[in-house]
Amino acid sequence: MDKKNNNRESWSGTFGFLMAAVGSAVGLGNLWGFPYKMGANGGFAFLVMYLILVVFAGYVLVMTELALGRATGKSIIPAYRVASNGKMTFVGIFSALAPFFIFGFYCYLGGIATNYAVANIGDIFGAAWGVNGVDGTTYFADFFTNQVKASIFTIIFMVVTIFIVSLGVSGGIEKFNRVAMPGLFILLLIIVVRSCTLTGAGEGIAFMLKPDFTVFQGSGWIHVLAAAGGQMFFSVSLGMGILVTYGSYMKKDADIALSGLAIPLADTIIAVLAGLAIMPAVFAFGMEPSAGPGLLFMTLQNVFNSMGAAGPFFGTLFYLLVTIAALTSSMSVLEAISSSFIDSGIDKGKGNQRKKIVWIFGLITMIEGILVSIDGLGTYLPPLFGRFCWLDGFDLLAEGLLMPIAAFCTVIYFGWIKKGFLQEEIRLSSTFKSEKFYSFCLKYIAPVFCFFILLGQIDSFFGLGWF
Ligand code: PHE
């Protein structure tokens, strides 16, 4: 009889873990969501709100999830079950459902980015399938209404994700991130320098950094809070068990307090850099900063098209950056989906069946990716929940409801009921100088923020017009 490997996998070391966790955090949320939401929510005012949220809620939640994962050594649902003697299993279930909804549409977006990278590469060689000379808006509309093309790119992106995750925690996810994340950072810096030195870039920089709080007037601050809060949850990969899962692969001597700082910090720095890569160029070419989701795939492509001969090169660099960032995030989503099933196989003594499980769930969730592709952003299928295009419907279900509910219940439980449990775990491997701050925020501040974020999200999900 062959000997089954019934050991759980783990990261090879702190650097590898950090690159993987930052890789999960840094994605479309940073390169796309942050700049466009900032553009639509008053620029600097949004930035300030975002930073407050990261310090008082993001930092706390990152540590909470990592500590929960490492303390229990389990994936999402059993982690919540074990830590609460069954009382919080439903939170684990909410958290575990979110990645199921996210994976398909996230890979659709990754597929679009891949298509743009390929098209810009084509332009370098003057190929017919390039995008240069085509208006960005027309090109985007042609892409998403072409169901076959959109499905093919989504499937390619999914298969690459599935393949890397199937190689393992340290042998696949960590290995890829160790190379991809430093590379991504360098690419981003090159683009920031180019963007900020364009003639007319100053206005874009001022839009990001000049104090102006007019959007906060009346109940405006709640909108900004909800937008910044939802954005932060998504961007730091909170409330969906990803960091619980990644924490469960941490060794007992890995510093949680340090990681709690490093992950949201790196994520925020990259979001701000992405703003500095995008806004100055948008202003320099006289385009709209508040274009909404179109910013990345329409406005920016127009910017590259206006850059003359250098356009395709910067376009290629930029969309490669977006594709890699999306890939390192989608890997974490698939890992969160698969890990509970991998664990349960190990618990039953069936050994580590990673390859099989990752491919099975990758292929199941591919159905969602294909449905989103076929919907063509609301062009073809009837609206989901009667109101949304399929992409938005899945996104709002996960980001708008499941994630904030899970996060709210988590901070309430560990701040008020099972007090000190996580702190003890963090102290095992850290000096934990911020323990008082952490405990205070976990108990009082994070729940309030989570509550308001949830209210804001429910308001926009059901279109209630409360605020
Ligand atoms: N954090 C990723 C981003 O910013 C997206 C993501 C969300 C990844 C949720 C995993 C879980 O794009």
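Every read-out reported here was derived from the displayed coordinates using simple, explicitly stated rules and does not represent laboratory data. What you see is a predicted model; the values in this text were computed from it and never measured. Here the Cβ is made from the backbone with ideal geometry for all residues, glycine too, and neighbour counts use every protein chain on show.
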**Fill in**
Row for segment 158-250, column shape: gyration tensor on C-alpha, a ≥ b ≥ c, rounded if a/c < 1.5 i.e. under 1.5, prolate if a/b over b/c, else oblate; value oblate
**Prompt:** So what J values fall out for segment 295-301 if you push phi through Karplus, 6.51 cos²θ - 1.76 cosθ + 1.60 with θ = phi - 60°, rounded to Hz, Gly and Pro as x?
**Reply:** 3, 6, 9, 10, 4, 5, 5
**For segment 257-264, 3J(HN,Hα) per residue [Karplus equation, 6.51 cos²θ - 1.76 cosθ + 1.60, θ = phi - 60°, Hz, x = Gly/Pro]** = 4, 5, 5, x, 7, 5, 5, x
**Message:** Modelling each spin label as a point 7 Å along the Cα-to-Cβ direction, I'd like the A128/L189 distance in nm, to one decimal.
**Reply:** 4.2 nm
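Going down the list K37/K418; K74/K419; K175/K355, which pairs span over 28 Å between their C-alpha atoms? Walk me through the intermediate numbers first.
Working: K37/K418 36 Å; K74/K419 20 Å; K175/K355 17 Å.
Over 28 Å Cα-Cα: K37/K418.
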**Request:** Provide the net charge surrounding N305, with neighbours chosen by a C-beta distance below 12 Å and charges set as Lys +1, Arg +1, Asp -1, Glu -1.
**Result:** -2
**Nitroxide proxy distance, nm - points 7 Å out along Cα→Cβ at I458 and I205** = 4.4 nm
**Request:** Return the distance in nm (one decimal) between the two label points of a simple spin-label model at K436 and F163, each offset 7 Å from Cα along Cα→Cβ.
**Result:** 5.4 nm
**Residue list for segment 353-391, given a label point 7 angstrom along the Cα-to-Cβ vector of T137 and an amide N cut-off under 17 Å** = none
**Asked** Over segment 386-467, what per residue volume does the convex hull of the Cα atoms give, in whole Å³?
**Response** 109 Å³
**Request:** Can you run the Rg to Rh ratio on segment 3-462? Use alpha carbon positions and the Kirkwood inverse-distance Rh.
**Result:** 0.96
**Message:** Show me, for segment 378-388, the HN-Hα J-couplings you get by feeding each phi into the Karplus relation (A = 6.51, B = -1.76, C = 1.60, θ = phi - 60°), rounded to Hz, glycine and proline as x.
**Reply:** x, 6, 10, 8, x, x, 7, 6, x, 9, 10
**Surrounding net charge for Q231, when Lys and Arg each add one and Asp and Glu each subtract one, Cβ distance under 13 Å** = -2
**Request:** Write down, largest first, the equivalent ellipsoid semi-axes of segment 294-366 in whole Å, where each equals the square root of 5 times an eigenvalue of the alpha-carbon gyration tensor.
**Result:** 41, 10, 8
**Prompt:** For segment 242-317, what is one quarter of the convex hull surface built on the Cα atoms, given in nm²?
**Reply:** 7.1 nm²
**Message:** Students often forget the sequence filter, so: which aspartates and glutamates lie under 14 Å Cα-Cα from K252 once same-chain residues fewer than 8 apart are removed?
**Reply:** E9, E424, E425
